[in-house]
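Below: the structure, in C-alpha cells.
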Amino acid sequence: MKAIFLCVLWLTTFQVWGEVFPPDDVSAIDKPNDNGSAIILLWKKMDYETAKIFYVTYIATSPSGPFLVQPIQSSIINFKTDLPQSFGFAEDNKNWHALEITDYLLAGGEKKDMIEQNKTYYLRIGVKEGKDGNVVMHPKTFGVTPHGNYFAFNKLNNFLLFIFLTVVIIVFINLAKKNPNLFVRRIAGLEAMDDALGRATEMGRPVLFVHGLKYMHEVPTIAAVNILGRIAKKVAEFDTGLKVANWDPVIQQVSRETVKESYIEAGRPDAYKEENIYFASSEQFSYAAAVEGLMVREKPAANFYFGYFYAESLLLSETGNAAGSIQIAGTDAFTQIPFFITTCDYTLIGEELYAASAYLSREPKLLGSLKGQDLGKLMIIIVLVLGTIFTTFGWEGFSKIFWPM
Amino acid sequence: MEANQSNLKKDSIVIVLFFLALIVVNGILVGTGKLKFGTEGFGIMVAAALTIALYSFLYQDNPIFKMAEHFYVGVATAYLFIVTWYSVILPDVILAWKDVGGTDVWVTISKSLAIIVPTILGLLVYTRLVPRISWVSRITFAAMIGFGAGFAIPNYITSHILKQAKPSMLSLWTAAGPQWGAIVIFVGVITTLVYFFFSVEHKGSIGFIAKVGVWFLMISFGASFGYTVMARVSLLIGRVSFLFGEWIPLIN
C-alpha cells in the first residue's frame, strides 16, 4: 500500500510531468572571514537535480526591487565543498549549494557592480528545467548585509605557523647573540666566493654582481642585496672593482646604499664609486644584452648571480662562461637552476640563497633566522610523516589542519 | 689613442658594410615584389636587421651587436618611461584626483591620502640627487621592503608550506595496493627537505638521506632543463622562420 502511494506521489511530481519545485532551506549569509566584499546564497541540493536543472538568481538593493537577473547556474556546480575556507570540510557540505557573489550584473547585462560592505542586498532564487524552461521562483526574498571581519579564522593555521616560526626564530637569534659560533653546514659555493674575489684582485679585473629580475620588495631580491653587501665588503677590503648592473631604479638605489655602507664598514669609503652601480635596462632581454656586452668588453674575473632569474639566466651565465669568468649563482627560480648548474662553477640551490647571507656574515639575526627555519623544517617533516601515516590509515583529520584555506 | 682610432675606423667600416648589405638585400626583395614597400615592409626590414645584429654575437662581440644592444637598451628605457607615465603616473597620481570628493568627508580624506602618501614616498627618492639630504630616500626604501616582507610572509606560508604540504600527505596504500606515485612524492619531499637542513653536517645516515634528496633534485632539474631547452629551440625556430619566411621568402 505504501509502495503504491509513493509511486503515485512520484508520478505526480516533476519526474513525469517535467515540473520543478523551488529549492528548500534557502538562506543568504555574509561570507565569513572576508573584508565584506562577498555574500553567499545557500540552498539545499534537490533530489531531482540533473545536468538539465538550472538555478536563476536575482539581486536588488531594495526589498521592492528592481531585481536584476544574474547569469544562470547549472545545478551540478557551486557547492559548499567548493568553499572550504567558509564551510570547512563537513561531510554534509556536498548536499548544499553555495553561490558566492562578489559582483552582480546591472540592468542591460553588460556592466557590473561590486558588492559593497555594510550595504543590504536582497536575493531571490528560482529554478528551471533546461536553459529555456520557465522559472519557478522561491516565494521569499532573502536580505543580507556584508560586513568586514577583523580576523580571518580560516587562516588560523597560517597565523599559528607564523607565530611558531617567529617565536622559534627570536629564540634562536638570542641564542646566536650569546653564541655566534652556532653550527651551519658548509655551503660549497660560498666557500669559493673568497677564491673568486682573490682571483679578481690578482687579475686586476672587476667583479660583476647581478641580482635577478624581481622587484626590491620581493624576498629573493632582499636576500640578493644582503649578499651584495657581504661581497662589497670583501671587494673593498681586497681593493677590487665592483660592477652592479641593475634592471630597476629602486634596486639600483638600494644597492648603492648597501655597497656604500659596506665600503664604509671596510674602512674604504674613498674607494666607493657610485657610477659602478648603474642602471642597465628595465626590459628583460635588453638588460641581458647590456650585461652580456659588459661581460665581453670588461671581462670581469668573477660573476655573481643572486636573486630570481628568468630566461636571461642562460644568456648571462653562458656569456660569462665564454668570457672565462668564475661564476657563482644562487637562485630559488626552479626552472633556471639547471641552467646555472650547467654553466656556473658553483650554484646555490633554492633555500641556500637565503642561507648564504647568514653563512657569510654570521650575524646573530641572520644566523638565528637560519637555525629557526631549520627547526621549522624539522616540524614540517614531522607533520608530513604523521599526516601521511594517518591518511594511509584512513584518518584525514590531521592533515586537514595543515591544508591551505 | 692610435689603437682606439684604428678600432673606431674598423667598427665604422663594419657597420657601413652591414648597412650596405641590408640595402642591397632589401632592395632586391622590394624590387622583386617579395617584400612590400611601406610601413609593414619597413618593420620587417628593421626586425630582420636587429635579429641578425643580435645573433652576430654568437661569433664574437662586434660593432653591429654593440649598435643593436644600445638601440635595444634605449628603446626599452623609452618604453619604460611611456608605460610608467600611462599606467602609473597619469591614472594613479593625476587622473585619480577626479574620483576624490563627495559628501563623505572621511572617504574624501582616505582617497586623498591614498594618492598623496605614495606620491610623497616616490618623490622622496629624488632626494638622492642632493647628497646632503639623500638619507631621506631611505624612508621610501624602508617602506617598500617592510611592506614587501610583511605582505610576503602570510602568502609565503600559504604557497610555500601549506599548499605544498597538502598534496604531500597522501595515502601510501589503498585497497588497490601500494600507491607508487604517493610513495615517490613522500620520499622525494622528505629527503629534499633534509638536504636543505643547514644545522646538521651531511654525514652518516643524514648524509645518505640528503644524497637521495639531491638525486631527486637533479632528476627534476634535468626534466626542467629538457623542457626549457625545447622551448628555447622553438624560439630559435620562430626567429629562423621569420628571417626565411617573412623577410626572405625561402620557406613556405
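Going by the conditions given, is B:THR127 surrounded by 17 or more Cβ atoms within 10 Å (Cβ to Cβ), more than 9 Å from every other protein chain (Cβ to nearest Cβ) and either more than 25 Å from A:PHE390 (Cα to Cα) or within 27 Å of the chain's Cα centre (by Cα) (or both)? Spelling it out, B:THR127 is indeed surrounded by 17 or more Cβ atoms within 10 Å (Cβ to Cβ), more than 9 Å from every other protein chain (Cβ to nearest Cβ) and either more than 25 Å from A:PHE390 (Cα to Cα) or within 27 Å of the chain's Cα centre (by Cα) (or both). Checked across segment B:141-158, the condition of being exposed (fewer than 15 other Cβ atoms within 10 Å of the Cβ), β-branched (Val, Ile, Thr) and either in contact with a helix residue (DSSP H, G or I) (Cβ under 8 Å, 6 or more places away or on another chain) or assigned to a helix (DSSP H, G or I) (or both) holds for no residue.
If only one of B:ILE23, B:ILE28, B:ILE52 is β-branched (Val, Ile, Thr), surrounded by 11 or more Cβ atoms within 10 Å (Cβ to Cβ) and either touching a residue at least 40 places away in the same chain (Cβ under 8 Å) or within 25 Å of B:LEU235 (Cβ to Cβ) (or both), which one is it? From the options B:ILE23, B:ILE28, B:ILE52, the qualifying one is B:ILE52. The condition of being closer than 30 Å to A:PHE304 by Cβ and among the basic types (Lys, Arg) does not hold for A:LYS400.
Would you pick out the residues in segment B:162-196 that are part of a helix (DSSP H, G or I) and at the interface with chain A (Cβ under 7 Å from one of its Cβ atoms)? Break it down stepwise before answering.
Pass one, segment B:162-196, residues part of a helix (DSSP H, G or I): B:162-168, B:180-195.
Of everything in segment B:162-196, those that are part of a helix (DSSP H, G or I) and at the interface with chain A (Cβ under 7 Å from one of its Cβ atoms) turn out to be B:LEU162, B:LYS163, B:ALA165, B:LYS166, B:SER168, B:PHE186, B:VAL189, B:ILE190, B:LEU193.
Could you please let me know if A:PHE183 is free of Cβ contacts under 8 Å to residues at least 40 places away in the same chain and within 32 Å of the chain's Cα centre (by Cα)? Against the criterion (free of Cβ contacts under 8 Å to residues at least 40 places away in the same chain and within 32 Å of the chain's Cα centre (by Cα)), A:PHE183 qualifies. Apart from one condition, B:ARG232 fits all of (1) in a helix (DSSP H, G or I); (2) surrounded by 16 or more Cβ atoms within 10 Å (Cβ to Cβ); (3) not aliphatic (A, V, I, L, M); the exception is (2).
Checking the conditions here, which among A:SER313, A:SER282 is modelled with pLDDT under 95 and part of a loop (DSSP other than H, G, I, E, B)? Even if it seems obvious, please write down each step before you answer.
Numbers: A:SER313 fails: part of a loop (DSSP other than H, G, I, E, B).
On inspection, the qualifying residue turns out to be A:SER282.
Criterion first (in the same structural domain as A:ALA245 (by TED's automatic domain parsing) and aliphatic (A, V, I, L, M)) does A:ALA200 satisfy it? Explain how you work it out, then say what you get.
Values: in the same structural domain as A:ALA245 (by TED's automatic domain parsing): yes; aliphatic (A, V, I, L, M): yes.
Considered against the rule, which asks whether it is in the same structural domain as A:ALA245 (by TED's automatic domain parsing) and aliphatic (A, V, I, L, M), A:ALA200 comes out as yes.
Give the residue that is nearest to the other protein chains (Cβ to nearest Cβ), with candidates limited to residues of segment A:154-180 that are of a type in the set (S, T, N, Q) and in contact (Cβ under 8 Å) with a residue 40 or more places away in the chain. If we take residues in segment A:154-180 being of a type in the set (S, T, N, Q) and in contact (Cβ under 8 Å) with a residue 40 or more places away in the chain, then A:ASN158 is nearest to the other protein chains (Cβ to nearest Cβ).
Consider segment B:197-244 and keep the residues that are more than 17 Å from A:GLY350 (Cβ to Cβ), of a type in the set (Phe, Trp, Tyr) and free of Cβ contacts under 8 Å to residues at least 60 places away in the same chain. The one that is nearest to the other protein chains (Cβ to nearest Cβ) is B:TYR227.
Residue-level check: of (1) within 13 Å of another protein chain (Cβ to nearest Cβ); (2) free of Cβ contacts under 8 Å to residues at least 24 places away in the same chain, A:ASN321 misses just (1). Reported count of residues in segment A:354-400, each being outside any helix (DSSP H, G or I) and either of a type in the set (Phe, Trp, Tyr) or within 10 Å of another protein chain (Cβ to nearest Cβ) (or both), is 4.
Remark: pairs (first residue in segment B:88-117, surrounded by 11 or more Cβ atoms within 10 Å (Cβ to Cβ); second residue not in a helix (DSSP H, G or I); Cβ separation under 8 Å; 6+ apart in sequence or on different chains) = B:THR108/B:VAL100; B:THR108/B:GLY101; B:THR108/B:GLY102; B:LYS111/B:VAL100; B:SER112/B:VAL100; B:ILE115/B:VAL100. Looking at A:PHE151, A:PHE183, just one residue is within 14 Å of chain B (Cβ to nearest Cβ), surrounded by fewer than 14 Cβ atoms within 10 Å (Cβ to Cβ) and over 30 Å from B:MET144 (Cα atoms), and that residue is A:PHE183. Looking at A:LYS243, is it closer than 21 Å to A:CYS344 by Cβ, at pLDDT below 95, surrounded by fewer than 24 Cβ atoms within 10 Å (Cβ to Cβ) and more than 14 Å from chain B (Cβ to nearest Cβ)? No; evaluated as a whole, the condition is false for this residue.
Determine whether A:PHE340 is at the interface with chain B (Cβ under 8 Å from one of its Cβ atoms) and either modelled with pLDDT under 90 or on the phi < 0 side of the Ramachandran plot (or both). When the stated conditions are applied, A:PHE340 does not pass them.
Look through segment A:251-266, keep the residues that are in contact (Cβ under 8 Å) with a residue 24 or more places away in the chain and either farther than 18 Å from B:PRO131 by Cβ or among the aliphatic types (A, V, I, L, M) (or both), and return whichever of them is farthest from the other protein chains (Cβ to nearest Cβ).
We begin by selecting, within segment A:251-266, every residue in contact (Cβ under 8 Å) with a residue 24 or more places away in the chain; these are A:251-252, A:254-255, A:258-259, A:261-263, A:265-266.
Filter once more, keeping what is either farther than 18 Å from B:PRO131 by Cβ or among the aliphatic types (A, V, I, L, M) (or both): A:251, A:254, A:259, A:262, A:265-266.
On the way: A:ILE251: 10, A:VAL254: 5, A:VAL259: 14, A:SER262: 16, A:GLU265: 17, A:ALA266: 20 Å.
In this case the residue turns out to be A:ALA266.
Selection of segment A:305-359 for residues being among the charged types (D, E, K, R) and more than 20 Å from the chain's Cα centre (by Cα) yields A:GLU312, A:GLU318, A:ASP345.
Among the candidates A:GLY198, A:GLY143, A:GLY148, A:GLY189, single out the residue that is of a type outside the set (Phe, Trp, Tyr) and closer than 24 Å to A:TRP43 by Cβ. From the options A:GLY198, A:GLY143, A:GLY148, A:GLY189, the qualifying one is A:GLY143.
Quick check on segment B:137-148: of everything there that is facing chain A (nearest Cβ under 7 Å) and within 25 Å of the chain's Cα centre (by Cα), which residue is nearest to B:THR192 (Cα to Cα)? Among residues in segment B:137-148 that are facing chain A (nearest Cβ under 7 Å) and within 25 Å of the chain's Cα centre (by Cα), the one nearest to B:THR192 (Cα to Cα) is B:GLY148. Each residue in segment A:296-310 was checked for being within 16 Å of A:TRP247 (Cβ to Cβ) and either outside the structural domain of A:TYR215 (by TED's automatic domain parsing) or assigned to a loop (DSSP other than H, G, I, E, B) (or both), and 3 pass.
When segment A:67-119 is filtered for residues that are in a loop (DSSP other than H, G, I, E, B), over 19 Å from A:LYS52 (Cα atoms) and under 29 Å from the mean Cα position of the chain (by Cα), the ones remaining, listed by number, are A:LEU83, A:GLY88, A:PHE89, A:ALA90, A:THR102, A:ILE115, A:GLU116, A:GLN117. When A:VAL207 is tested against the conditions (1) more than 30 Å from B:LYS203 (Cα to Cα); (2) touching a helix residue (DSSP H, G or I) at 6+ places or on another chain (Cβ under 8 Å); (3) at pLDDT below 90; (4) of a type outside the set (Ser, Thr, Tyr), the lone failure is (3).
Tell me, which residue of segment A:295-310 that is surrounded by fewer than 21 Cβ atoms within 10 Å (Cβ to Cβ) and more than 8 Å from chain B (Cβ to nearest Cβ) is nearest to A:GLU202 (Cα to Cα)?
Kept after step one, since they are surrounded by fewer than 21 Cβ atoms within 10 Å (Cβ to Cβ), are these residues of segment A:295-310: A:296-299, A:310.
Imposing the further condition that a residue be more than 8 Å from chain B (Cβ to nearest Cβ) reduces the set to A:298-299, A:310.
Working: A:GLU298: 15, A:LYS299: 14, A:TYR310: 32 Å.
Ranking the qualifying residues of segment A:295-310, first place goes to A:LYS299.
The values are calculated or read from the model by the stated rules, or taken from the named source; none is laboratory data. As the structure is a computational prediction, the values presented were derived from the model and not from experiment. Cβ sites come from the backbone with ideal geometry, for glycine too, and all protein chains shown count toward neighbours.
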